[in-house]
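Remarks on the structure that follows.
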Amino acid sequence: MDPTLRICTHSRISPTASCAGNGSLALLADLRQVIAQTGSPWLVEESLCLGHCHSGPNVKGAPGGPILHRCTSARSVLERMADEWPHGLD
């Protein structure tokens, strides 16, 4: 399986209590753009709720990677994923 970043794009009635309400759709677009520009091997997918709504936007590394909370930019997601899951791209 290719290394994948799964970005929660779930929306709730209270917008600030969801990843979508906290900017995950913009983060998804930003990640796709940065990955295309840099040639990074990550795949990017939308995800259903990852269960940490008040800490979003949330990103899960798959398979078997960490969940990152309060993700604000594509570059920070890629840096944090490299720090917290250094073998994710092996």
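Each value in this text was obtained by applying a stated rule to the coordinates, not by laboratory testing. On a predicted model such as this, the values are computed, not experimentally measured, just so you know. Heads up, the Cβs are rebuilt from the backbone with ideal geometry, glycines too, and the neighbour counts pull from every protein chain shown.
Once the Cα-Cα distance is subtracted from the 0.36 nm per residue extended length, the Thr4 to Glu79 segment shows a gain of 25.5 nm.
The stretch between Leu48 and Gln33, if pulled fully straight at 0.36 nm per residue, gains 3.3 nm over its current Cα-Cα span. Dipole magnitude for the chain: computed about the Cα centre from +1 point charges on Lys and Arg Cβ and -1 point charges on Asp and Glu Cβ, it is near 300 debye. Taking Cβ separations below 4.7 Å as the criterion for a possible disulfide partner, the isolated cysteines in the chain are Cys49, Cys53, Cys71. From the largest down, the chain spans 39, 25, 20 angstrom on the principal axes of its Cα atoms. When DSSP beta bridges are restricted to pairs lying wholly in the chain, around 55% turn out antiparallel.
Computed from Cα positions, the angle between helix 24-38 and the longest principal axis of the chain comes to roughly 20 degrees. Mean-square fluctuations from a GNM of the chain, with a 10 angstrom spring cutoff on Cα atoms, peak among Gly23, Gly64, Gly39 at Gly39.
Our helix-only sum for the chain, with -39,500 (n - 2.57) per DSSP H run of n ≥ 4 divided by its residues, gives a mean residue ellipticity at 222 nm of -9000 deg cm²/dmol.
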